[in-house]
Every structure is written in C-alpha cells, then in structure tokens.
Amino acid sequence: MIVTKDTRDLLLNIAKKRIYLEGNILKIIQAEDGDAEFKDYIELCKEKDTVSRRKRLKITKQIQAKNSELETALDDLRVSKEEAERLKENAESAKEEAETDLSILQKKTQTELMGTIVKVALSVIVGVGILTTLMYLTAILTNTETQVIGSTWSNLTGILLTNAFSIIGTIMGVKHATAVDKKD
C-alpha cells in the first residue's frame, strides 16, 4: 500500500519528534519508486519495531519468570502456613493435655494432703480421747474424786467430736467447692 504525499509528509514530520510507526502496518506500507527518504523511514521504523518487540519480549519473559517465582513462593508459603496451622493445633492439643494432667495431679496431691490432714487430726483426737478416758478410768478404779475429771472428760470428748466433725466438714466443703461439674 502506497500512502499519499500528505500522509508521507506527516509521517516524516512526526519522525522528527522521534515517533515512528510500529506493528503490522509496516508490512503493508511501501514507498513510491524513487522515494529514498520514505523508503529509509520505513526501514528505520521496521528496525525500531524489531528492537521494540525484542525489548517487550524480554520484559514479558522477565515478568513470566518473576510470576513463576512468585507462584512457587506462594505455594511454599501455603505449605508453610498449613504446616504452621498443623503445628499450632498440635501445640494446643498438647497444652490441653498438659493442663488436664496438671489438674489431675493437683487434685491427686490435694486429695492426698486432705487425707493426711484428716488422719493426723483424727489420730490426735482419738489419742486425746483415749488418754482422757484412761485418766478417767484410772480415777474411778483408784476411788479418787471423779467429779472434776468426769466433767472435764465430758467437755473434752464433746470438743473433740465437734473438732473432728468440723475438720471433716471443712475438707469435704473444700473438696466439693473445687470439684468440676460433670455438666461442664
């Protein structure tokens, strides 16, 4: 396709501003026979178009390579995220298990401590009760005055029983207050 003189002059003027034709139009535009200046212009446009296409192709390849790297990195990131979530779940499970074990151990220790307290308290109460009873029986058998010892023995036995029930009631109350509802 041969362009008109006006179009030719316009294209040459635009070329002075370093703006050239590009693309497939260069395949169909031809210079008139003997128009060396326009022929050179078209050849220059083709060279610049080739260089421009190579640059664009190079940039496209770089972008594709970067996109490929980014996709690989994104896949690695997804895998790492899934692994982190799995590890988090494992850690939470281990934490819950450790808390359960700790709670059981605390309750066991607490129960053992309460058992020891009850045994010691009851031993003291029984020991004092037996000792006081033996003193009272000794006084009766030796025909000594038993009125003072009898009232003391009666008061002491009442106090010991009250203390025994108080200790057991307190421990049972603590045990009940720290127990976890089965509904939870």
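Observations on the structure shown:
- Anisotropy class assigned to segment 5-178 is prolate, per the alpha carbon gyration tensor with a/c at or over the 1.5 cut-off and a/b larger than b/c.
- Measuring r between the beta carbons of Met135 and Thr170 and using R0 = 35 Å, the FRET efficiency lands at 0.75.
- The label point for Ala98 and the one for Leu74, both projected 7 Å from the Cα toward the Cβ, are 3.7 nm apart.
- Remark: relative contact order (segment 5-178) = 13 percent; criterion is Cα-Cα distance under 8 angstrom and separation of 6 or more residues.
- Taking amide H positions as modeled 1.01 Å from N, with prolines and chain starts lacking one, the residues under 5 Å from Ile2 and 5 or more places away or on another chain are Gln30.
- Over 29 Å between alpha carbons, listed pairs Lys58/Lys81; Lys16/Lys55; Lys66/Lys88: Lys58/Lys81; Lys66/Lys88
- For segment 84-99, the Karplus equation 6.51 cos²θ - 1.76 cosθ + 1.60, evaluated at θ = phi - 60°, returns couplings of 5, 5, 5, 5, 5, 4, 4, 5, 5, 5, 5, 5, 4, 5, 5, 5 Hz by residue, with Gly and Pro reported as x.
- The shape of segment 117-161 comes out oblate: with a ≥ b ≥ c from the C-alpha gyration tensor, a/c is at least 1.5 while a/b does not beat b/c.
- The residue among Val174, Leu113, Ser52 whose Cα reaches farthest toward the positive pole of the charge dipole of the chain, with charges on the beta-carbon of Lys, Arg, Asp and Glu, is Ser52.
- Per-residue 3J(HN,Hα) values for segment 61-66, derived from phi via the Karplus relation 6.51 cos²θ - 1.76 cosθ + 1.60 with θ = phi - 60°, read 5, 4, 5, 5, 5, 4 Hz in sequence order (x marks Gly and Pro).
- Working from label points 7 Å from Cα in the Cα-to-Cβ sense, the Ile25 to Val120 distance is 10.4 nm.
- The charge dipole of segment 5-178, taken about its Cα centre with unit charges on the Cβ of Lys, Arg, Asp and Glu (plus for the first two, minus for the last two), comes to roughly 460 debye.
- In plain terms, the chain from Thr178 to Lys48 could stretch by 38.1 nm, reckoned as 0.36 nm per residue minus the Cα-Cα distance.
- Placing pseudo-labels 7 Å out from each Cα toward the beta carbon at Ala15 and Thr142 gives an inter-label distance of 14.3 nm.
- Sites counted here are trypsin sites (Lys or Arg not before Pro) in a DSSP loop (not H, G, I, E or B) having no more than 10 other Cβ atoms within 10 Å; the longest part of the chain that contains none of them is 19-181.
- A DSSP coil position with no more than 16 other Cβ atoms inside 10 Å describes the following GluC sites (Glu not before Pro) in segment 80-167: Glu145.
- Karplus-derived 3J(HN,Hα) values for segment 68-77, using 6.51 cos²θ - 1.76 cosθ + 1.60 with θ = phi - 60°, are 4, 4, 5, 5, 5, 4, 5, 4, 4, 5 Hz; glycine and proline are entered as x.
FYI, it's all coordinate maths here, none of it is from the lab. None of the values given here were measured: they were computed from a predicted structure. So basically every Cβ, Gly included, is an ideal-geometry build from the backbone, and we count neighbours across all protein chains shown.
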